[in-house]
Structure formats: C-alpha cells, structure tokens
1. Considering Cα pairs under 8 angstrom that are at least six residues apart, work out the relative contact order of segment 76-184 and quote it in whole percent.
2. Which residues does a label at SER318 reach in segment 265-295, if reach means a backbone N under 19 Å from a point 7 Å past the Cα toward the Cβ?
3. For SER332, put the label point 7 Å out on the Cα→Cβ axis and report which residues of segment 212-244 keep their amide N under 11 Å from it.
4. Per DSSP H run of at least 4 residues, take -39500 (n - 2.57); add these up for the chain, divide by its residues and hand me the 222 nm value, nearest 500 deg cm²/dmol.
5. Using 30 Å as the Cα-Cα cut-off, could you pick out the over-long pairs in LYS119/LYS191; LYS96/LYS165; LYS325/LYS355?
6. In Å, what Rg and Dmax follow from the Cα atoms of segment 268-370?
7. Any chance you could run the full-extension gain for LYS144 through ILE235? It's 0.36 nm times the residue separation minus the Cα-Cα distance, nm to one decimal.
8. Which residue, THR234, THR258, THR315, has the most motion in a Gaussian network model of the chain that connects Cα atoms within less than 10 Å?
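Read the figures in this text as sums done on the coordinates, not as results from a lab. Please read all numbers here as calculations on a predicted model, not as lab measurements. FYI the Cβ positions are ideal-geometry reconstructions off the backbone, even for glycines, and counts take in every protein chain you see.
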Amino acid sequence: MKTSVCHITSVHSWNDIRIFQKECKSLVDKGFDVHLICQMEKDVTIEGVQIHGVRKPSSRIDRIFKLSKDCYQRAVEINSQLYHIHDPELLPIALKLKKLGKLVIYDAHENTPASIIDKEWIPFQFVRNFVSKVFEKYELNVSKQLDAVISVAEPLLERYIQNEKVLIRNLPILDNFKGEELSPEMQKAEKGAVYAGGLTSARNIKEMIDAVGKSYQIKVLHLFGEWESKDYMTICKRSKGWSKVCYWGFKDSKQVYTFLKEKGLIGLILFDKDIKNHKIALPNKAFEYMAAGLPILMSDIAYWKENFHSVAKFTDPSDSEKISKSIDDMISDQKQLSERVEKGLREVNMLNWQKESQVLIDLYRRLINT
C-alpha cells in the first residue's frame, strides 16, 4: 500500500516549480500517494499528483486568516500520514496536524522575518520591525515542534533549532533542457540578453532595461514572466531601453528553457542587493542559466559571489551604466565567456534536481520509518 503524503500551499500556484514540478512529481515517481492542496477551481489529478482545490482569497487578510482554515479542513479529509507545508501562514495548522498525530515538514522558502521588514504594505518601519521580531519568535517556537524543517540555502536553515533540518536546494531539472520545439514566433527571434522570472522592482527590471538600452553589444532583451503591477510595467515602458525589449509574457517552462539555450546570449539576475532575503538565498535562475549554457551577469551580493564566482560576473544592480558596461565587457571577451559557460555546465552536472530529489525522498522515508 502506498504511503499518503500531502503538500499544502495557500500562496503558490498548483504548478509551482519547487512544489509541483520538483517535489510532488519526484514523490510520485518514487511510489508515494501524493496530494496537493492549493488554490484551484476544482479537484483534478495531473501527472499523478492529486490536486485538491481551495477557493481564491478575496484579500491578503482573507488568505492568511480564513483560507488557511479551508486548507486545514481539506487536509483532515485527505488524512495523509505526512504533511509538507510551504507557507509561514500555515504554521498554525501545522501544529493542529501534529496534535492529530501526523508527521509535518515545514519548507521554509525564505527568511520570513527578514522579508517582513521589507514589506511596504505594512505601514511604518517601526511596525514592520516589531511584527518581524514577534513572528520570528513564533516561527521558531512552532517549527521546533514539527518533525523537520527544510530550506533552499544554508543561511536560512541556521536559524532553526531542531534535530532534523535538511538543505534541499532549488536545482534545475536537467530533463527540461533536452529541448522542445519553439513556436514559429520564437524561432524567428533575434539572439539577445534574457531574463525569466517575476518582473518586479525588487528584481531591478527597470535598471535592466535601461542598461540594455545603453549596450552596444546587445540588440534585444527578452523578458519572460508576469508584471508585479500595471504601474510598474508602465514605468518600465517609459525607459529609453524599452525599444529593445521583446516581452513574451508567461510561457511554459520547457519552452522558456529551450529559448534560453537557442536564443540567449547572456542571462541577467539583477536582484536588489539591499533586500535581506536576496542576501541569504541562491537564485534558482542562476542554475537554470547554467544548465542552458548561458554566461551570467549577477548582482554583487557577497553570498552570490561566494557560490558563483567561477561561472558569473558581478555588478551593481542599481546602476544601469555599470550593468551596461559589464554586459558589453562580457560579450567582448569571448574566451572568458566560453570558460564560464563550460564551468557552469560542469557544475549543473553535479548540482541538479535529479540528485537533490534523493535528499527529499530519504527524509520522507526516514521520518515515516522512525
């Protein structure tokens, strides 16, 4: 009989890369009975994962305080042996599930207390600081009562005080880079700089566009993803560099990966270096660009330099002049460019999801068999 396990998220979409594409599908492949509770109009099974839908919340407050209760009710109905929660707002139901005798894993995607300090929707900095400290005490107290904490980077795990804490990085799924035929429109695209991900001010998309506009080596910037707001999109469109932008919107991940391989000249990751979570986590995009055979230009964040010094060049992400010069310098030095690409390809042959997934499977089996 298969062991029933259930992932729960009130925030992420059903096809989230870490939750669905990596963790849930890997568990299905290893013979687990896998359930996923998330925002969805109806219950459906996709690629062996049984998805149990909960309603879309009407507001942030509704999501935090009411949708989590809906998630709990569905979790009780499913009655799995092990639950894997992905959002800090689900910690209260994690404790309830523990009281029912269930195994519970907390997947800490980021340093939430640090992110609270940067959340502008919370009024006044002193309020953010207070909320951050209160939440940190609560999070650490609850998490140590759970069976395990996992996270994407060592600095994130160091915060937690418990015996079972496991590093499970967001490494690329190499099978996704084997190639998928591009749409006719994509096939006609000119090679250029690429960025795939959230189009937000925290990721300095405006500065990226400004920089490409000033570059003499790059003729086009390909953007994939969804805008954080119409206002920010409008700001970016006012940039002189917008004439070089080709915006593709949200595309299937395999199409994006094929595009990176065939049409990318350089991959850009220019996250705001003053945001605390950026300082202590490794961007998934770096590994994806490496797997696609792209040279990478990244923000000059100390932790990133420590981990990617052999495969990337670094620059000030807030200065479009410096970004532009770094891009042109990289493209001009083809010998160093090729060396970085080769090192990146070697790294992802050792650091990939096919190998990392076994750490997750081993943790599940260890907890279930204890």
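1. Values: 130 pairs, mean separation 24.6, N = 109.
Relative contact order of segment 76-184: 23 percent.
2. Only 269-281 pass the distance filter.
3. Answer for this model: 216-217.
4. Numbers: 16 runs with 153 residues, N = 370.
-12000 deg cm²/dmol, from helical runs alone.
5. On the way: LYS119/LYS191 36 Å; LYS96/LYS165 21 Å; LYS325/LYS355 37 Å.
Pairs exceeding the cut-off: LYS119/LYS191; LYS325/LYS355.
6. Both quantities, over Cα of segment 268-370: 16.3, 57 Å.
7. On the way: separation 91, 0.36 × 91 = 32.76 nm, distance 4.40 nm.
Separation in residues times 0.36 nm, less the Cα-Cα distance, equals 28.4 nm.
8. Comparing THR234, THR258, THR315 in a Gaussian network model of the chain, the most mobile one is THR234.
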